[in-house]
Structures are given as C-alpha cells and as structure tokens.
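**Q** Provided herewith is a single structure, encoded as structure tokens, for subsequent inquiry.
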Amino acid sequence: MNRELPKSPEGAPPLTVQVWGRGALFTRPELKVERVTYPVMTPTAAIGVLEAIFWKPEFGWRPVAIDVLEPIHQFTQKRNETTDLVMLEDAVKHETTVDSPGNRTQRNSICLRDVAYRIHAHVELREHATKPEAAYRDQFRRRVERGQCFHQPYLGTREFSAHFGPADDSEPQPITDDLGIMLHSVHYGEKSPSFSWFTARLESGRMHIPRTGINTDAPVEA
Amino acid sequence: MLLQRLVEYAKQHTTTQPFHRRREFRWQLALYSENHREPRLASLVDPDDKKSRGPAHLTPAVTRTVGVAPQLGADDVQYVLGWGDDNTDPERVSQCHEAFVRLIEAWANSAADTDDAARVVREFYANGGVDELAVPQEPYTAKQGVLITVDEVPIIEHESLRRFWVQEVARRKSGGNEGLCLVCGHHAPLAETIPGKLAKRLVPGAGNDPALVSVNEMVFGYGLTKGLRNTPICFDCGDAVNTGLTHLLDSEHVVRFPRQDSAMAWWALGEPDDDFLSAMSTRPNADSVTRLISRMHNGQLGAADKRAEEFSGDRFCSVTLGGNSSRVVIRDWIDRPLEEVMINLARWYEDVLVTSRWEAGTVPSGYWSLVLATGKWDSERRTYADLTSNSARRPEHVQRDLLSSCLRGSPLPTSVLHHVLGRVAADGHLDVPRAALLRLALRRHPSKEVHMSPGLNENRTDTPYVSGRIFAHLEQIQYHASDGQLNATFGDRFLSSAIGNPTPAILAGEKLANSWLAKLRRRGDTRAKAYALGQKLSELHRLIDSGHSTTGYLSPDQQAMFLLGYHHQKAHDLDEGRKRKAEKEAGSEPETAN
C-alpha cells in the first residue's frame, strides 16, 4: 500500500508510526472559539507527534499521508477557561496579576473519541545536517521501537495525550469524504506568522498531504 | 465543511440582499417628494394588538457591538431621530444621530442625481426636519425601529441604497487584506470580522444576537490575536454563512423545542423522497414510517447505502447549535450520504416500535412525543407537562441526545434511560412513548446487545421481564374481581416500588390474588374466569428460570425489562379483550338480523 506514497530524494519510502488515544481535537481554524475538530488528524498535528518522538535541528518532518485506522466518533465537552492571559513581558516584570475567576469563560469543544492513525512522513535534511538521511531514519525507528520520546505526544491539544508504536498492517477505515480546506503548515517570519492550506480529502481512509500548501497571501491559480 | 455547506445552501436557497436582515419596525418616518405634504412620524403598530412589534422588513444590517455604527436607511429611534429615553446617555444619542445623518448624506451624495428619494431624505435632514416633527403621543423608546419612506416606499428598497450599503460594509469590516478564503478557496477581499449575526430568538441559550464565527478575545485567536486575521474568510462567504444559517433556522427544517439547549437544522443535497421527509418530521406519518421500515427489511435501503458509500451526490447535512452568550456553540454536525441517514432513520423507528394498549399491532412514536414523554405526567389532566413548563423536569439536552442517536445510529446515552425510569417511578405512568424510550435504550445499549421485541414475547424467561408480566396479570385479576370499580389499583399502589425491586410487590400481590380469585370463584358467572386467571398466573411463575428466580434490586437495564414486560402484558391482555369482544359481536350479528 505504501508503494503509492512519494519517496524521499534518496529513494526511501516514508517512515511510519502509529499513534492512538482516547480523544483528539484538531481544531478547525474557522470554528476555533467554540471548537470543532476536523474528522482527521491535521499535518501540523502529525508533525507535533513526530517531533515529540524525535527532533533535531538538523532536519524537519514532512508528512505525506495519514491513515485513519478507527471509525470516526465524536464527543463534546464544555470547560471553564479564562480570557486573562499574561503576556510574557508583563510576567517577567511582575506587573500583572492573574484573575481567572473574574475572567472565566465557558467554551465547548467537539472532539474525536478513540482514534488511531498511521502517519507516513519523510525526514528532510537542513543545510547544516551532519549525517545522512538514513541515520536519522534509523534513529527514529529505534526510538519508536523502544517507545522513547522527548515529551509525551498529543493529539491536537495537550489534554489528549497519545500512545505510539511501530506501524502494523491494519487496513484503513473505508471512509471517503471531503474535509474542506485544511491547514498545511505555519511559517514563522519576522512579522506575524503566515499559513498555507490545502484541500483535504479522505480517500478510502487515507489522506494524502501535498508537498506544499497554498499560501494565504498568494493568488490561487485555477 | 460546515461553512462550505452553509454557503452552498445560501446560494441555492436564498435571494437575500447582501448584509441585510429581517427586523420589525415600530415607527414610520414618512417623507414626500411633493412640498405640500408634511413629513410625519406614524406608528406602524395596531393599538389594539399589544403583542405586535410592527411589520418586519429586510433591512441593511451589520454587526453592531458597543460602538456607534448606524445602519443605512432604517434604524433605531436614537439613530434616525436622535431621540433618547430614560436609559440612554444624551451625548451618545447625539453621536448616533450625527453618524446616521452623515451616512445618509454620503449615500444621497452618491445617488442624488439618479435617485429622487435620496435627494428628499438629504433635504429633510439638512433643513432640520427632525426638529419640526411632531412628537407622537404614544410612548417610544430609543431602540425601537424607524423605517424611512419616501412617497410611502421604504428607501431601503432602493437599488442605489443597496449598492452603497455593500461598499459601506466593506469599508467598515475589511482590514484591507486580500487572500485565500478558507471557505470558497478563492482569492478575495477578507473580512476583519463576520459582517452579521444571527437573531437571538433563533438560537436557544443565546444571551445576545450570536455570531457563528467570532474571535473577540485575544486568547481565542492564534498567536493572541483578535479578529479573523488568522482565519481568512471572504466577505461574500461571511455574509452567505449568516444568510444560509438564518434561512435554515427560520425554515420548517428545524427541530427546536422550548427549554432545550439546542436547535437542529437540517437540509439535503439531492432529492429526498416523501418517506424521508415525513420520517424527519417531529410528528411523522405512520404509513411513511412503515414503508421506510419495510424498505429496509426488503433490502432496498441497504443496497442504496452501499451505492452511496461508493459515490453519491445526495447528502444529508444537519447542524445542532446552541448559544453561549454571544457565541454560537456547534453541538453536532452531520454530513453523511442521504441513504445512510435513511437507514439510520428506519432503524430508529424500528427500535421505537411498541405495542399499544389502545390499538392492535405496533405503533411508532414520533420525535415530539418522545421528548414530551420525558417530562412530568399530570395525573389530573391526564397529559404530560407542556414543553414550555418550568416544572416538567425534562433534561435540557434530551432533544439532541435523541436526535444524535437517531441520525447517527449511535447508542443512546444512559442518562436518558435513568431519567425515564425515574419519571415512570415518580409519576406511576407508563404509556407508548415511554415504553418506546425504554425499548430504545435497551436496543441501543452502549455496551451490550439486548434483544427486546416490540410486543409480548411469551417465550422469554428472564426474571425481570416475566416479573413485569406477573405484575400486570395481578392487576388484571384485581380488575376482574372488582368489575373495574376501583379507586386505586394494585399498580397504583405498588408500581413505583416494584420498578426497583419487584419481589415484595409480587409477594403482596400473590396474597391479595388469593382473595380476588376466591371472590371470582364464589360467583357462578365468573367461576371459569377465576380458573383461567389462576392457571395463567401459575404458568407465568413456571416461566421464571428456577436457577435465577429471585429478583432483588434490579439494575437500570433490568428495570426497563420489568416495565416492558408489564407494558407488553397489559397491551396483550387488552388486545385479547378487543378480539373476544369483536368475535362476540360478530357471533351475535346474525341473531340480531334474524
């Protein structure tokens, strides 16, 4: 099944890791105040999981596909949150006190229940990388085998921690659906961050992720 | 996909002008192009109709929060006339009026050459027309709506005003950015905030007119930003989302019961058939339901479902939403192939089929009656507490719990079963909708598969179900012994306590039954009946599995089985009685004829 996925410049198939958890919340940007999740893990959430397992400044992760391994079920939760957030510079100066009860706000979330995904991703070396791509791939595989991670991965939000392990050969769920426009990546520049997007579609349980997304600021070609 | 679907819906089903909204107007500021006719302020409300808020018009409207932001051509009294009331700050009223006049002038200047009405309105304000208006005798408030007309035609209907309004909204709401719209995927001018809100009355639980997309606090936005900077949505889509959702929530395709925390609006892409439309109704037609179930059984729906899974353009969409102050909370969003939802509906109606005491065969319960049955039973009026009642004790989320289970085909939350059991025990009342809810809870158990027939299953031997049947039979014996002349039945006395643990009630009933049967045996005409009733009681006892004969305290599932056994037996006995009566009447007819 992985034959159809794009290979790395060295000709290697993508690395795979399987993640699962009791809940997940991949917030849609248009419905992010009273949160509504995408039905599928987003590429940025997949990068977060991969970096939690293995991160080095010498390379970056490029997810190419995500398989949905469990049926899509939702649940809702309502939480007390606060709108009183202290800016970093104010916190450093000890100028601001936090008044959470006085700034309480209740927010609802539609989340996913009992999820499992198989992430397919490539290692992309940066200019200052000192080792070949294969070395990082091997390190990643060893870490997945041992269950090692820098911090516990999570599925969209930190409340939903994820378990991970080597990929098995379970078939993706037979789901085909349009998911709308999905966040592809976030680009941090000197000014405010910019975003790129892609039109997401789940095809027989697999979501393919293009190499690059459509930049918000650039005109879209028909 | 919710926003995309709403925009598609708005484009197909609405013809609303952009950035307009329906609003009631209490007053009319009537201006005339002929000089001899004086401007006047007239009431649009019938003085005899105290509930009337005036006629509704589709008027230019854009989100207004705390700032001064006039709408064009028709607005509040404080904006159009500059008149305040006891609750308004005179300085702010003055600011509102000045802003409104400036906006009118800007429109008039752009259209005075082509639109005579624009010239009339401009001259009215420029010549101090408001000061010369006679203050009406009827009381007014600063926030009542005033509609400006010229020669009895509202100026909000003028094309020049509508064109100007679109430009004005773009000026106010745009951050000057262009980019990719998340909804339509096109490069277009992006909105800084969504230019419109839903009416408060359409969204249960909303404190103010709520917005579906709103990032009005720093912590809500990516990177601690307010507004839609990191949520690119273009003007057209922003307006279409509001227009589409308003149209849906105001349509007949909405399920909104009083005192519930949400409303559900649904629509279909494609051509749903009549059976589907009837089944989606809160009070469905029984024939349509029967046809839908039989189509599922003969495989028609199943085959269609498989085809739909491969590819089908026919889809069912529903959004369940509630209010959280001035924000809209999406509580559920379904976007599935239409055929899949039809199968779920057919399964749902099959799961709520139960026998009735008042007619033969099984009857389906509509959604409205199921929600109604979760409320308190008024034994004096012989009806359920009204849906609007404060004291009905219905859970505020029962509507969406049931709808979600129905449309998704998912298990029913256990809270519904607990609530219905509690209500039956408290009210001592069990009827078709409540029995349907109990059967539904068993058939859609979250963790195990429970088989429960819609009517009496005489082969069933589990103790709670048979105990329910015995309880009903004891009631039947008492009825016959007393010739129906009873103030309080055995059920009235013992049902509430028997739900939790039927053993004491049945033991008490056995002792009483001896007296009841003896009374029947003493009378010559009922001696045979006494024998038959006694035999039946013994048969029911023999049905109970001797290895698990004692009941003790019942779990919620067992309590539901007990009540269904009770309901099924009663419905069966009454049906048998009807049959005997019909046979008797049929047998006596020839004699009567002779």
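**Q** Once each part is reduced to its C-alpha centroid, what is the distance from the stretch B:485-531 to the stretch B:85-125 in angstrom?
**A** Computed from Cα coordinates, the inter-centre distance equals 82 Å.
**Q** What residue among A:Leu31, B:Ser52, B:Ala286 has its Cα farthest toward the positive end of the dipole of the protein assembly as shown, where the charges are +1 on Lys, Arg and -1 on Asp, Glu, each on the Cβ?
**A** It is B:Ala286, whose Cα lies furthest towards the positive end.
**Q** At 1.4 Å probe size, what's the solvent-accessible area of B:Met218? Round to the nearest 10 Å².
**A** Counting only protein heavy atoms, the figure is 80 Å².
**Q** May I ask you to rank A:Thr212, B:Thr88 by accessible area, largest first, using a 1.4 Å probe over the protein chains only? Don't skip to the end; give the middle numbers.
**A** On the way: A:Thr212 105, B:Thr88 35 Å².
Output order, biggest surface exposure first: A:Thr212, B:Thr88.
**Q** Tabulate in residue order the Karplus-calculated ³J(HN,Hα) for the stretch B:141-153, using 6.51 cos²θ - 1.76 cosθ + 1.60 with θ = phi - 60°, rounded to whole Hz; enter x for Gly and Pro.
**A** 10, 5, 9, 6, x, 10, 9, 8, 10, 10, 6, 6, 10
**Q** Scan around A:Arg201 for amide H atoms under 5 Å from its own, H built in the peptide plane at 1.01 Å from N, and keep only partners 5 or more places away or cross-chain.
**A** A:Leu179, A:His208
**Q** A further question on this structure: How large is the Rg to Rh ratio of the protein assembly as shown when both quantities use alpha carbon positions and Rh follows Kirkwood?
**A** Working: Rg = 33.6 Å, Rh = 31.7 Å.
We get a ratio of 1.06 for the protein assembly as shown.
**Q** Ignoring any ligand, DNA or RNA, what whole percent of the accessible area of the stretch A:85-142 comes from carbon and sulfur when the probe is 1.4 angstrom?
**A** Details: 1670 of 3370 Å².
Ligands and nucleic acids excluded, carbon and sulfur give 49 percent.
**Q** Continuing with this model, one more query. Quick one: compute the contact order of the stretch A:132-208, relative version, from alpha carbon pairs under 8 angstrom and 6+ residues apart, as a percent. Can you show the working numbers first?
**A** Numbers: 81 pairs, mean separation 17.1, N = 77.
In percent, rounded to a whole number, it is 22.
**Q** How large is the translational diffusion coefficient of the stretch A:102-222 in µm² per second when you combine the Kirkwood radius over alpha carbon pairs with Stokes-Einstein at 37 °C and 0.692 mPa s?
**A** Details: Rh = 18.2 Å.
D, rounded to a whole number, is 180 µm²/s.
**Q** Which of the residue pairs B:Lys519/B:Lys584; A:Lys7/A:Lys131; B:Lys536/B:Lys570; B:Lys529/B:Lys581; B:Lys11/B:Lys226; B:Lys173/B:Lys226 have a Cα-Cα distance greater than 22 Å in the structure shown? Before the final figure, lay out each step's value.
**A** Details: B:Lys519/B:Lys584 25 Å; A:Lys7/A:Lys131 19 Å; B:Lys536/B:Lys570 14 Å; B:Lys529/B:Lys581 15 Å; B:Lys11/B:Lys226 29 Å; B:Lys173/B:Lys226 13 Å.
Cα-Cα > 22 Å for B:Lys519/B:Lys584; B:Lys11/B:Lys226; rest within.
**Q** Helix A:43-53 versus the longest principal axis of chain A: what angle, 0 to 90°, nearest 10, using Cα atoms?
**A** In chain A, helix A:43-53 runs at an angle near 80 degrees to the longest axis.
**Q** Another question about this same structure. In what order, largest first, do B:His36, B:His397 sit by accessible area if the probe radius is 1.4 Å? Show your work: numbers first, answer last.
**A** Numbers: B:His36 140, B:His397 65 Å².
Sorted descending by solvent-accessible area, the residues read B:His36, B:His397.
**Q** Quick one: divide the alpha-carbon radius of gyration of the stretch A:1-86 by 2.2 N^0.38 Å and tell me what you get.
**A** 1.37
**Q** What figure in square angstrom, to the nearest 10, would you give for the accessible area of B:Val215 with a 1.4 Å probe?
**A** 20
**Q** What net charge do the residues around B:Gly84 carry, taking every other residue with its C-beta under 13 Å from that of B:Gly84, with Lys and Arg at +1 and Asp and Glu at -1? Could the numbers behind the result be given before it?
**A** On the way: positive: B:Arg92, B:Lys143; negative: B:Asp76, B:Asp85, B:Asp86, B:Asp89, B:Glu91.
Around B:Gly84, the surrounding residues sum to -3.
**Q** Restricting to DSSP loop positions (anything but H, G, I, E, B) with no more than 16 other Cβ atoms inside 10 Å of their own Cβ, which trypsin sites (Lys or Arg not before Pro) remain in the stretch B:111-204? Walk me through the numbers on the way to the answer.
**A** On the way: sites: B:Arg119, B:Arg122, B:Lys143, B:Arg162, B:Arg163, B:Arg171, B:Arg172, B:Lys173, B:Lys197, B:Lys200, B:Arg201; in loops: B:Lys143, B:Lys197.
Sparse-neighbourhood loop trypsin sites (Lys or Arg not before Pro): B:Lys143.
**Q** If you scale each eigenvalue of the Cα gyration tensor by 5 and take the root, what three semi-axes come out for the stretch B:218-286, rounded to whole angstrom and sorted largest first?
**A** Numbers: eigenvalues 240, 53, 19 Å².
Equivalent ellipsoid semi-axes, largest first: 35, 16, 10 Å.
**Q** Cα axis of helix A:133-146 to longest principal axis of chain A: angle in degrees, 0 to 90, nearest 10?
**A** Relative to chain A, helix A:133-146 is tipped by roughly 70 degrees.
**Q** Taking a probe of 1.4 Å and counting only protein heavy atoms, give the total accessible area buried between chains B and A in Å², rounded to the nearest 100. It would help to have the intermediate numbers written out before the result.
**A** Details: alone 29280 and 12970 Å², together 39110 Å².
Protein heavy atoms only, the B-A interface buries about 3100 Å².
**Q** With 10 Å bins from zero, work out the P(r) of the stretch B:191-257 over every alpha carbon pair and list the percent per bin.
**A** In whole percents, the pair-distance histogram is 21, 43, 29, 7, 0.
**Q** While we're here: Shielding of A:106-117 by partners, i.e. mean partner chain Cβ atoms within 10 Å per residue?
**A** Numbers: counts 4, 5, 8, 2, 5, 0, 0, 0, 0, 0, 0, 0.
For peptide A:106-117, the averaged partner shielding equals 2.
**Q** Check B:Tyr384: other-chain or 5+ apart residues with amide H under 5 Å from its amide H, H built from backbone geometry?
**A** Sorted by chain and number, the residues that satisfy this are B:Asp378.
**Q** Could you give the longest part of chain B that holds none of the chymotrypsin sites (Phe, Trp or Tyr not before Pro) found in DSSP loops with at most 10 neighbouring Cβ atoms within 10 Å?
**A** On the way: sites that count: B:Phe311, B:Tyr553.
It runs B:1-310.
**Q** Where in chain A is the longest stretch that carries no trypsin sites (Lys or Arg not before Pro) classed as loop by DSSP and with at most 14 other Cβ atoms within 10 Å?
**A** Working: sites that count: A:Lys7, A:Arg126, A:Lys191, A:Arg211.
The segment A:8-125 is the longest one with no such site.
**Q** List, in order, the whole-Hz ³J(HN,Hα) value for each residue of the stretch B:378-385 obtained from phi through the Karplus relation with A = 6.51, B = -1.76, C = 1.60 and θ = phi - 60°; use x for Gly and Pro.
**A** 8, 6, 6, 8, 6, 7, 7, 4
**Q** Using only the alpha-carbon atoms of the stretch B:117-271, report the extent along each of the three principal axes, biggest first, to the nearest angstrom.
**A** Principal extents (Cα only, largest first): 52, 43, 40 Å.
**Q** A further question follows. Taking every residue in B:178-189, how many Cβ atoms of other protein chains lie within 10 Å of its Cβ, on average?
**A** Numbers: counts 3, 9, 12, 3, 10, 3, 1, 6, 3, 7, 1, 0.
Mean number of neighbouring Cβ atoms from other chains: 5.
**Q** In whole percent, how big is the carbon plus sulfur part of the accessible area of chain B, probe 1.4 Å, protein atoms only? Don't skip to the end; give the middle numbers.
**A** Working: 13010 of 27720 Å².
Reported share for carbon and sulfur atoms: 47 percent.
**Q** Now for a separate question. What whole-number distance in Å separates the alpha-carbon centres of the stretch A:1-59 and the stretch B:231-305?
**A** 34
**Q** Next question, about the same structure. Please work out the Cα convex hull volume for the stretch B:462-519 and give it in Å³ per residue.
**A** On the way: hull volume 3.9 nm³, N = 58.
Considering the Cα atoms of the stretch B:462-519, their hull volume per residue is 67 Å³.
**Q** When only the heavy atoms of the protein chains count and the probe is 1.4 Å, how do A:His163, A:His184, A:His208, B:His567 rank by accessible area, highest first?
**A** Details: A:His163 100, A:His184 20, A:His208 80, B:His567 0 Å².
Descending accessible area places them as A:His163, A:His208, A:His184, B:His567.
**Q** Continuing with the same structure: Ignoring ligands and nucleic acids, what accessible area does B:Ser110 show with a 1.4 Å probe (Å², nearest 10)?
**A** Near enough 80 Å² of accessible area.
**Q** What residues have an amide H closer than 5 Å to that of A:Glu81, excluding those fewer than 5 places away on the same chain, when H is modeled at 1.01 Å from N in the peptide plane?
**A** Long-range HN contacts for A:Glu81: A:Thr105, A:Gln106, A:Arg107.
**Q** Could you state the orientation-averaged shadow area of the convex hull built on the Cα atoms of chain B, in nm² to one decimal? Mind dumping the intermediate values first?
**A** Numbers: hull surface 158.2 nm².
Averaging across all directions leaves 39.6 nm² for the Cα convex hull.
**Q** Read phi for every residue in the stretch B:48-61 and hand back ³J(HN,Hα) as whole Hz from Karplus 6.51 cos²θ - 1.76 cosθ + 1.60, θ = phi - 60°, with x for Gly and Pro.
**A** 7, 9, 6, 8, 5, 10, x, x, 9, 9, 7, 10, x, 8
**Q** Give me a single rounded figure for B:402-410: the average over its residues of other chain Cβ atoms within 10 Å of their Cβ. Mind dumping the intermediate values first?
**A** On the way: counts 0, 0, 2, 0, 0, 0, 2, 0, 2.
Going residue by residue through B:402-410 and averaging, the value is 1.
**Q** Right, here's the next one. Using only the Cα atoms of the stretch B:379-476, what are the Rg and Dmax in Å?
**A** In Å, with Rg to one decimal and Dmax whole: 15.1, 43.
**Q** Sticking with this structure for a sec: Excluding residues on the same chain fewer than 8 positions from B:Lys200, give the lysines whose Cα lies under 17 Å from its Cα.
**A** B:Lys143
**Q** Cα to Cα, under 12 Å, and not fewer than 8 places away if on the same chain: which aspartates and glutamates meet these conditions relative to B:Lys197?
**A** B:Asp209, B:Asp239
The values are calculated or read from the model by the stated rules, or taken from the named source; none is laboratory data. Just so we're clear, the structure is a prediction, and the values are computed from it rather than from any experiment. FYI the Cβ positions are ideal-geometry reconstructions off the backbone, even for glycines, and counts take in every protein chain you see. All accessible areas refer to the heavy atoms of the entire protein, side chains included, with ligands and DNA or RNA removed. Shrake-Rupley method; radii C 1.70, N 1.55, O 1.52, S 1.80 Å.
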